[in-house]
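Below is one structure, written out as structure tokens; the observations come after it.
Read-outs throughout are calculated quantities, based only on the coordinates presented, and are distinct from any laboratory measurement. Bear in mind the structure is a predicted one, so any value in this text is a computation, not a measurement. All Cβ positions, even for glycine, are placed from backbone atoms using ideal geometry, and neighbour counts span all protein chains on display.
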């Protein structure tokens with residue numbers, strides 16, 4: 001979890017079976033029954049074809065797809081990918 005907290009990212013786990021979103025970061029929030037989050041979940045599932053396979057997707061703060069990969073991807077590869085992104089490189093230079 002420290003690697004996540006070091007980076008300005010939000011990790012969302014979307015569960016199709018129980019139609020919930022879990023946001024993993026400092027608070028580990030579980031969101032069920034929230035209409036806007038439900039709509040966002042359905043949009044993400046549809047846009048990134050998540051009905052057919054589980055995968056990891058990186059969305060930029062602008063909402064564009066930055067990377068997608070297997071849920072079985074090595075965590076270090078994922079964090080290395082994040083660290084190559086321009087905003088993260090800027091954070092590293094500033095000491096964050």
Discussion item. Give me the one-decimal nm value for the distance between modelled label points at residue 57 and residue 6, 7 Å along each residue's Cα-to-Cβ direction.
Written reply: 2.7
Fill in: Label-to-label distance, nm, for residues given as residue 36 and residue 89 (7 Å Cα→Cβ offset)
3.4
